[in-house]
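Working notes, beginning with the structure itself.
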Amino acid sequence: MPQDPFRRAARIADVELSEIIQISEAAAALKRAGRDVISLGTGEPDFPTPVHVVAAAHAAAQRGETTYTPTAGTPALRAAVAAACERENGYRPDPAEVIVAAGAKQVIFDAFFATLDAGDEVILAAPYWTSYPDMIAVCGGTPVVVAAGAAAGFKLTAAALRSAITERTRWVLLNSPGNPSGAVYSADELASLADVLRDAPHVGIVADEIYQHICYVPFTSFRIAAPDLADRMLIVNGVSKSYAMTGWRIGWGIGPRRLIDAMVAVQGQITSGASSVSQAAALAAVSGDQQLLAERNDDFRERRDMVRAALNATGMIRCGSADGAFYLFPDCTAAFGKVAPDGTRIERDADFTAALLQAEGVALVPGRAFGLPGHFRLSYAYSRASLTEACARIARFCQSLA
C-alpha cells in the first residue's frame, strides 16, 4: 500500500510548535481582528541593539565580510569570547574550546545530536525552557524531568539530582538564571550539585547561562563553582538576551576540545556556521563598552519589582522572587474552581491564561508549557506603559472571577 511521502519521521512524531509561539500567534490574530491585545509571552528585550554593534555589522558588510566563515566561528569572535570569559567569570578557555552557532539553541542541539544515542537520558528540572525536552527527544535521547517547584526555589537540588541519575544518564541540563522562573543557582548550590556529579563520572553537564548579564544577585558560572569538572562541561551563552540581539542569531558553547570538535562536525552539516555579518556584530558587542549591560539590568530590575508588586496586590496571584532573566512565574492555583464572566470554568493554568486573553486581551504562557502546571510565565521585557496596563487588566480579571 502506498505511503504518504510526507509522513512525519518517528523522531518528531510528538514535536509540535512551541506553546509560546502558539500563544503569540493567537494574540497576533486577535490584534489583526481589531482587539487591543498586550502580549507578555515572548522572551525578547524591548531595547534596541546597541548602535555601535549595528555600525560594526554595517562596516563588516561594506568590507566584503559576507562569505562563509570557519564552521566553528571566526577566529576573532572565538578569541573575544574567551577574553570575555576571563573578564566576567575568571577563566579563559582556549579559543579552540569555543564554538559559535546560530543562537544558543543551536549550540545545545549540536551537543545533543553529537552525543546522544537512543535511550540515553538527560536530566532537567521543571520548570524548564520549552525547547529542551523536544531537542533531547529529536536527538534520540530521553528527557528525565525532575519537578523543582516553588518550595525548591524552582531549582534542582542535590538530593533530587542524585536520585535521578542512572547508568543511562548522559547529561544534566542546568539553566541559571532560569527561564521561565528567573531562578539563579548560588555558588553553594552549584557546589552541592558538583559533589553529586563527582560521583557520576559518566554524566556531562550543560550549563545554559544565556541570561548571565540579566541577574540581580551575584552570578556564579558552573565552571567556576566546579573547575575540576570542566572536562565534562559545556557552557552555553550568547548575545541574544544581554545585548538585545535575538534576531542576529549568535550563541556559543565552551567545552572540552573533543566535544567541540564533534559539535563542529554536526554544525557543518546543518548550517555550515553562523552569519558572517552577525559574528562581526557579536564581536563588537562582547569587545566594546559593557556599561550598557548594567544600565539595562537596573531597568529590568525595576520592572520586575513593579510587576511583582502589582500581581501580589491582586490577592489571588502569588508571585515569589525572581533573581534573574526577565520573567516572573506566579502561582495562579487560587483561581481554580472559579468562573470567568463568559462562563469559562477555570480548572487549570491554561484555562486561566486563555480566559484572560479573551476577557482582557493579555497574553501569558501557562505553566504546563514549562513542565510545571499551576503557574504562568510573564515576560516583563516590555515597556513600562504596557506592563502597567497589563497588570491593571490582570487585576480586573481576577476581580471578575466568581
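The values are calculated or read from the model by the stated rules, or taken from the named source; none is laboratory data. Remember, predicted model here, so these are calculated numbers, not experimental data. Cβ coordinates were reconstructed from backbone atoms using ideal geometry, including for glycine residues, and neighbour counts include every protein chain displayed. For accessibility, only protein heavy atoms count, side chains too; no ligands or nucleic acids. Shrake-Rupley method; radii C 1.70, N 1.55, O 1.52, S 1.80 Å.
Per residue, how much accessible area does segment 195-331 show when a 1.4 Å probe rolls over the protein heavy atoms, in square angstrom? Walk me through the intermediate numbers first.
On the way: 4870 Å² over 137 residues.
For segment 195-331, the solvent-accessible area averages 36 Å² per residue.
Hey, what D do you get for segment 271-343 in µm²/s if you plug the Kirkwood alpha-carbon radius into Stokes-Einstein at 25 °C and 0.890 mPa s?
Details: Rh = 16.1 Å.
Answer from the Stokes-Einstein relation: 153 µm²/s.
For the modelled label position 7 Å from the Cα of A28 along Cα-to-Cβ, which residues of segment 233-277 have backbone nitrogen atoms closer than 20 Å?
Backbone N within reach: 241, 245-250.
Test of understanding: what is the full-extension gain from D188 to A83, defined as 0.36 nm times their sequence separation minus their Cα-Cα distance? Don't skip to the end; give the middle numbers.
Numbers: separation 105, 0.36 × 105 = 37.80 nm, distance 2.58 nm.
So the extension gain works out to 35.2 nm.
What number do you get for the chain when its Cα radius of gyration is normalised by 2.2 N^0.38 Å, N = residues? It would help to have the intermediate numbers written out before the result.
On the way: Rg = 21.4 Å, N = 402, 2.2 N^0.38 = 21.5 Å.
Rounded to two decimals, the normalised Rg is 1.00.
Which whole-Hz couplings ³J(HN,Hα) result when phi for each residue of segment 257-274 is put into the Karplus expression 6.51 cos²θ - 1.76 cosθ + 1.60, θ = phi - 60°, listed in order with x for Gly and Pro?
Computed from phi, the couplings for segment 257-274 are 4, 5, 6, 4, 4, 5, 5, 4, 4, 5, 4, x, 9, 10, 10, 6, x, 7 Hz.
Between N175 and residues 5 or more places away or on another chain, which pairs have amide H atoms under 5 Å apart, with H built 1.01 Å from N, and which residues are they?
For N175, the qualifying residues are D208.
How big is the accessible area of C398 in square angstrom, nearest 10, if you roll a 1.4 angstrom probe over the protein chains?
10 Å²
Which of A111, A363, A265 moves the most in a Gaussian network model of the chain with Cα springs under 10 Å?
Between A111, A363, A265, it is A265 that shows the largest mean-square fluctuation.
Residue by residue, what Karplus-based ³J(HN,Hα) values in Hz, rounded to whole numbers, does segment 392-401 have, using 6.51, -1.76 and 1.60 with θ = phi - 60° and x for Gly and Pro?
Values, residue by residue: 5, 5, 4, 4, 5, 5, 4, 5, 7, 6 Hz.
Just read off the accessible area of T344 with the full protein assembly in place, 1.4 Å probe, to the nearest 10 Å².
Ignoring ligands and nucleic acids, T344 comes out at about 50 Å².
At q = 0.18, 0.20, 0.25, 0.30 Å⁻¹, what log₁₀ I(q)/I(0) does segment 340-379 have when each alpha carbon counts as one equal point scatterer in the Debye sum?
Result of the Debye calculation: -0.44, -0.53, -0.78, -1.00.
Would you kindly calculate the mean projected area, averaged across all directions, of the convex hull enclosing the Cα atoms of segment 148-289, in square nanometres?
That works out to 9.8 nm².
For the chain, modelled as a GNM with alpha-carbon contacts under 10 angstrom, which of I136, I12, I250 fluctuates the most?
The residue with the greatest mean-square fluctuation here is I12.
Would you work out what percent of the accessible area of the chain, with all protein chains in place, is carbon or sulfur (probe 1.4 Å)?
Numbers: 8920 of 16680 Å².
On the chain, the fraction of accessible area on carbon and sulfur atoms equals 53 percent.
Quick one: if you stick a label point 7 Å off each Cα along the C-beta vector at A76 and R63, how many nm between them?
Here the modelled spin labels are 0.3 nm apart.
What is the packing order of peptides 349-356, 335-342, taking the mean over residues of other C-beta atoms within 10 Å and listing the highest first? Don't skip to the answer; put the middle values down first.
Numbers: 349-356: 23.0, 335-342: 15.0.
By packing density, highest mean first, the sequence is 349-356, 335-342.
Could you please report the charge total around V15, scoring K, R as +1 and D, E as -1 over all other residues with beta-carbon less than 11 angstrom from its beta-carbon?
Details: positive: R8, R11; negative: D14, E16, D134.
That sum, taken over residues with Cβ under 11 Å, equals -1.
With 10 Å bins from zero, work out the P(r) of segment 46-138 over every alpha carbon pair and list the percent per bin.
12, 29, 36, 18, 4
Given 25 °C and 0.890 mPa s, how large is the Stokes-Einstein diffusion coefficient of segment 96-217 in µm²/s, with Rh as the Kirkwood radius over Cα pairs? Please report the intermediate quantities before stating the final value.
Details: Rh = 14.7 Å.
So the translational diffusion coefficient is about 167 µm²/s.
Can you list the residues, at least 5 places off or on another chain, whose amide H is less than 5 Å from the amide H of A126, using H built in the peptide plane?
Those qualifying (amide H under 5 Å, at least 5 residues apart or on another chain) are V146, A147, A148.
Taking 0.36 nm per intervening residue step and subtracting the Cα-Cα distance, what contour gain separates A10 from A147 on full extension? Walk me through the numbers before you get to the answer.
On the way: separation 137, 0.36 × 137 = 49.32 nm, distance 2.71 nm.
Answer, rounded to one decimal: 46.6 nm.
At 20 °C and 1.002 mPa s, grab the translational diffusion coefficient of segment 85-144 from Stokes-Einstein with a Kirkwood Rh over Cα pairs, rounded to a whole number in µm² per second. Working shown, then result.
Working: Rh = 13.1 Å.
Value of D from the Cα-based Kirkwood radius: 164 µm²/s.
Rolling a 1.4 Å sphere over the protein heavy atoms, what is the accessible area per residue of segment 1-88, to the nearest Å²? Each step should come with its number before you reach the end.
Values: 5650 Å² over 88 residues.
Ligands and nucleic acids excluded, the result is 64 Å² per residue.
Using modelled amide H (1.01 Å from N, peptide plane; none on Pro or chain starts), what sits under 5 Å from the amide H of V239, excluding residues fewer than 5 places away?
Counting only residues 5 or more places away or on other chains, the set is I250.
When the convex hull of the C-alpha atoms of segment 258-402 is computed, what volume per residue in Å³ does it have? Each step should come with its number before you reach the end.
Numbers: hull volume 24.8 nm³, N = 145.
Considering the Cα atoms of segment 258-402, their hull volume per residue is 171 Å³.
For the pair D46 and S163, what calculated FRET efficiency results from E = 1/(1 + (r/R0)^6), where r is the Cβ-Cβ distance and R0 = 41 Å, to the nearest 0.05?
Details: r = 41 Å, r/R0 = 0.99.
After rounding, the FRET efficiency stands at 0.50.
For segment 240-254, just list the computed ³J(HN,Hα) in residue order, Karplus coefficients 6.51, -1.76 and 1.60, θ = phi - 60°, integers in Hz, with x standing in for Gly and Pro.
Couplings: 4, 7, 5, 9, 6, 10, 4, x, 6, 6, 10, x, 8, x, 10 Hz.
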